[in-house]
Amino acid sequence: MSSLQPALEALRKGEIIVITGDRLRRGDIDFAMAAKHVTPEAINFMARHGRGLICLTLTPARAVKLGISLINPGSERQSGRPFGRSIEARADVTTGISAADRAKTIEVAVAEGANSDDLVSPGHVFPLIAVEGGTAERQAATEASIDLCRLAGCGDAAVICSIMRDDGEMARLNDIRELVERYDLKIADIDDLLKELGANIEMSAR
C-alpha cells in the first residue's frame, strides 16, 4: 500500500491533512483539504490551529474560467508566490471574513459551471494558481494539494493554510505532533507524492 493512502482516504472523507516537504518555502508545512468538501468548521480549524493565510489552490484552467489571473505574472519584483486576486462570492455572504462566508466563497468558486460572474474582488479568499505541470514541475504545497486531490478522486482544487507555532514562527512537523495525534491528522509528504505520480505515469505507459 502506498504511504499516501491514509492521506488520500482522509481527503476522500472530507478531512484535513498535513502536507510536508515544500521545497520552495524552506520546509513550511500546511493544512490541506479538498475544496469540494469545505465547511465552516474546517475553515475555523485552519484559522485556529494553522494561523496562516487560508488559500484556494486552482489549476490554470479553472483560474481562467473564474477570470482570475496572477497578480504579478512577470519576473520583476516577483516573490515566487502564485497569488491571484482575492475573491468573494457575489451572493449569500455578509462581511466575507467569517468562516461560513469564506467556506461559501470557496463552494461557489469550485461549483460546476462557476465563472467570473459568480465572484467579486477584492475578498477574503486568496487563490493560488498552480503551474500546469503540477508537483512534478513545482514541488510546493499549492501543486501538491491539487495532485493529492486528483489522486484521491475528489476534484482538482484544494484549501490550504500554512501552519504557525504559538510564538508566531513557522511550524515544522515536530512542533505539531500533539495536534496531529489529538485530531488523528494524516500526513502527505511531497517526496512520497512525486514517487506516487512517477509510478502512475509508468503504469499508464505500459
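The values are calculated or read from the model by the stated rules, or taken from the named source; none is laboratory data. Keep in mind that what you see is a predicted model, and the values were worked out from it rather than measured. Note that we place each Cβ from the backbone using ideal geometry, even for glycine, and neighbour counts take in every protein chain shown.
So which residues in segment 90-120 are within 27 Å of Ala140 (Cα to Cα) and aliphatic (A, V, I, L, M), if there are any at all?
Matches in segment 90-120: Ile97, Ala99, Ala103, Ile106, Val108, Ala109, Val110, Ala111, Ala114, Leu119.
Which residues, taken from segment 35-64, are out of contact with any strand residue (DSSP E or B) (no Cβ under 7 Å at 6 or more places or on another chain) and within 17 Å of Gly14 (Cα to Cα)?
Within segment 35-64, the first condition is being out of contact with any strand residue (DSSP E or B) (no Cβ under 7 Å at 6 or more places or on another chain), and the residues that meet it are 36-37, 39-41, 44-45, 48-49, 59, 61-62, 64.
If the condition is that a residue be out of contact with any strand residue (DSSP E or B) (no Cβ under 7 Å at 6 or more places or on another chain) and within 17 Å of Gly14 (Cα to Cα), then Lys36, His37, Thr39, Pro40, Glu41, Asn44, Phe45 are the ones that fit.
Looking at Leu185, Leu197, Leu193, Leu179, can you tell me which residue is at pLDDT below 95 and among the hydrophobic types (A, V, I, L, M, F, W, C)?
Leu197
Regarding Asp191, is this residue surrounded by fewer than 15 Cβ atoms within 10 Å (Cβ to Cβ), touching a Gly at 6+ places or on another chain (Cβ under 6 Å) and in a helix (DSSP H, G or I)?
Considered against the rule, which asks whether it is surrounded by fewer than 15 Cβ atoms within 10 Å (Cβ to Cβ), touching a Gly at 6+ places or on another chain (Cβ under 6 Å) and in a helix (DSSP H, G or I), Asp191 comes out as yes.
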